[in-house]
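All remarks here apply to the structure that follows.
The values are calculated or read from the model by the stated rules, or taken from the named source; none is laboratory data. None of these values were measured; they are calculated from a predicted model. We place every Cβ from the backbone using ideal geometry, glycine too, and count neighbours over all the protein chains shown.
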Amino acid sequence: MAFAPKIVKPTGQPDESRLRKEEEAVKKKAAAETMILAEERAYREGTVSIKDIIAPSAFNVETGFVKLGDIFCRTIFVITYPRYISVGWSSPILNMSVTMDIGMFFYPVKSAIILKQLRNKVGALEAQINADAEKGAPRDPIRETALRDIEELRDNLTQGTEHFFQFAFYVTVYAKTKEELDQTCEDIENVFGGKLIYSRKVFYQSEQGFNSTLPLCNDEIAVAFNMNSSPIAASFPFISAELTSDDGILYGINRHNNSLILFDRFSLQNANMVVFATSGAGKSYAIKLEILRTMMMGTDIIVIDPEMEYKHLCDAVGGTYINISLSSESKVNPFDLPRPVGQEISVDDIIRGAVITVKGLLRIMLGGLTTEQDSIIDRALIETYAKKDITPDADLTKVTPPIMQDLEEILEGMEGSNELVLKLKKFTEGTFSGLFNSPTNVDVKNQLVVFSVRDLEDELRPLAIYAIVNYIWNVVRSERKKRILAIDEAWWLMQHEDSARFIFALVKRCRKYFLGVTTITQDVNDFLRSQYGQAIVTNSALQLLLRQSPAAIDLVQKVFILTEGEKYLLLESAVGEGIFFAGNKHAAIKVVASYTEDQIVTTNPQQLLDIEAAKKEFEKENQ
């Protein structure tokens, strides 16, 4: 019996109208989304993105360089290295004051692959050496050295103490002109060549070279050199600056790595030092710390103090404080000669040198000299010394130097000197008569001697400092002894050519007499714009730069060849922080002091008031 299948109509099946409605809804939604995307795209086209900001206005690829807008750039790659490379071999390149990008790529290679190739290489070298020996040929040092190196490398790779890499090193240089680019690239290749590292400039790969030094980790040049771990480690670009010696005093803390900056300034090519900083940056604090620590090494210190900043230090260590003023009892005679003179310098030369020095002082005192007046003063000075029996055949240990009054008396008897005598009377009978018209009566036998010129008028300070430095120079030449002369606010002497020339001559010659001159100034522009100021910097082995003003930083950067990073470090440094130069090395420094040292050398007015208050309280309790 057969049954026909029963056809059941499914329930809930949508009709055609419902399907049509759903299709229209989908189409409307798609159209809406398309409209939103179009509007969003239009919005984004009108906004500025990061790519818009950093992208150059144009990008032109040439065979040997790439031009980014107005900037030219070229990539240099290293192709081979010598047998030995020193640690930090890339530092001369990294420290060059040019804009550049560095790219380094390290590709690890499995030791098994290298060991197999080295085994084949050893076999080939041994076979060649044995063949040469059988033929009676002379030994080949190059092959023998290569064999020893390969055997050592095989041992290290097998023991796991060394690993093998392929190393790529690229430098992309930027310049404003094509000529500057060529010169900079030549300089870099010369630095590489001096270390027996051979390099090449990209050719028909300018864009690939530029891309290879971008921070994208794309090596599009692919020029690598086989290296093991040790030379790879020597290629590490960030080297801490070490600036220390086995003896000397502590100047501060190395801010690069917190090591100590220890130096004996007398161990360098000269013992001179310059200190540049703005007011309140800590320059006097740093120098007083150096004085305090140097005294412990047995060195004599002489200071010229224009603002009475060294009085507290001088009293604390039992030094001699000499106040030079119009009413002071302490006098310095500019006509003084060196005390007991050795046989290496004739008396005639001593007298002539004294005449030249005093004549330089008179030029400043009298406001300049004409040619005729210069000749008159020259003759008058020789006669003034002769009046006191100071002649080429005299014994300088038994004579008494003349004073300004003696020069005036000689000039009064000379024809054409009326104007000179009139100007000179101000220093012998007038307002300024208490300054240079008396014999020297100061004593500099103490280990620390401070000359203060604070109470002098601004007009007289350069004259007094000139006379004091001349007196100190005479003392130094009389006896060779390790000494330091610190001249604070040295820009006073740079205002006049004669005093600037005298200080420059002193800085050049002082090394022969075991003297180191410390020149301190806050008026950097006036000092460095003087030809003698720049020469003083050149003849100073130690240089300390603390915080600088924006007005002077460009000149400081040019003179000391600072990088942009070092320039901004000096602009933003805190008190007592800066850059310390010793010969060809330099490092960022932070001057630090112990509590006791700080109490002695501080120049903070509030600290000084607190110290005075504590001292009075202590004295009151002990009464």
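Below are the figures for this structure:
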| item | result |
| --- | --- |
| Counted residues, region 69-91 - those being surrounded by 15 or more Cβ atoms within 10 Å (Cβ to Cβ) and free of Cβ contacts under 8 Å to residues at least 24 places away in the same chain | 0 |
| Candidates Glu408, Glu419 - the one that is surrounded by fewer than 16 Cβ atoms within 10 Å (Cβ to Cβ), acidic (Asp, Glu), part of a helix (DSSP H, G or I) and touching a residue at least 12 places away in the same chain (Cβ under 8 Å) | Glu419 |
| Long-range neighbours under 7 Å by Cβ, at least six apart or interchain, first residue within 16 Å of Ile93 (Cβ to Cβ) within region 155-182, second among the acidic types (Asp, Glu) | Ala168/Asp219; Thr172/Asp101 |
| Pick from region 75-102, criterion out of contact with any Cys (no Cβ under 8 Å at 6 or more places or on another chain) and assigned to a strand (DSSP E or B), ranking: farthest from Thr184 (Cα to Cα) | Thr80 |
| Residue within region 299-316 that is out of contact with any strand residue (DSSP E or B) (no Cβ under 6 Å at 6 or more places or on another chain), without any contact (Cβ under 8 Å) to a residue 40 or more places away in the chain and outside the structural domain of Leu424 (by TED's automatic domain parsing) present | yes |
| Region 152-195: number of residues that are surrounded by 13 or more Cβ atoms within 10 Å (Cβ to Cβ), out of contact with any Ser or Thr (no Cβ under 9 Å at 6 or more places or on another chain) and over 21 Å from Ile71 (Cα atoms) | 4 |
| Residue, surrounded by the fewest Cβ atoms within 10 Å (Cβ to Cβ), within region 570-614, restricted to residues that are at pLDDT 85 or above, within 26 Å of Asn539 (Cα to Cα) and of a type in the set (D, E, K, R) | Lys590 |
| Glu566 being out of contact with any His (no Cβ under 8 Å at 6 or more places or on another chain), in contact (Cβ under 8 Å) with a residue 40 or more places away in the chain and in a helix (DSSP H, G or I) | no |
| Qualifying residue in region 272-286 (condition: among the charged types (D, E, K, R), outside any loop (DSSP other than H, G, I, E, B) and under 30 Å from Arg480 (Cα atoms)) | yes |
| Residue within region 323-341 that is at negative phi, among the β-branched types (Val, Ile, Thr), in a helix (DSSP H, G or I) and surrounded by 15 or more Cβ atoms within 10 Å (Cβ to Cβ) present | no |
| Breaking point among (1) touching a helix residue (DSSP H, G or I) at 6+ places or on another chain (Cβ under 7 Å); (2) crowded, with 19+ Cβ neighbours inside 10 Å; (3) aliphatic (A, V, I, L, M), for Ala281 | (1) |
| Near pairs, Cβ below 8 angstrom, 6+ apart or cross-chain, from region 430-442 (closer than 13 Å to Leu460 by Cβ) to any residue that is of a type outside the set (D, E, K, R) and loosely packed, with under 14 Cβ neighbours inside 10 Å | Gly434/Ser327 |
| Among the residues listed as Leu313, Leu250, the single one being outside any loop (DSSP other than H, G, I, E, B) and closer than 18 Å to Asn604 by Cα | Leu313 |
| Selected residue [acidic (Asp, Glu), within 23 Å of the chain's Cα centre (by Cα) and at pLDDT 85 or above] from Asp523, Asp488 | Asp488 |
| Lone unmet requirement of (1) surrounded by 22 or more Cβ atoms within 10 Å (Cβ to Cβ); (2) modelled with pLDDT of 85 or more; (3) part of a helix (DSSP H, G or I) for Arg511 | (1) |
| Selection count, region 201-217, where residues are surrounded by fewer than 15 Cβ atoms within 10 Å (Cβ to Cβ), touching a residue at least 24 places away in the same chain (Cβ under 8 Å) and within 32 Å of the chain's Cα centre (by Cα) | 1 |
| Pick from region 472-493, criterion in contact with an Asp or Glu (Cβ under 6 Å, 6 or more places away or on another chain) and assigned to a helix (DSSP H, G or I), ranking: farthest from Thr519 (Cα to Cα) | Asn474 |
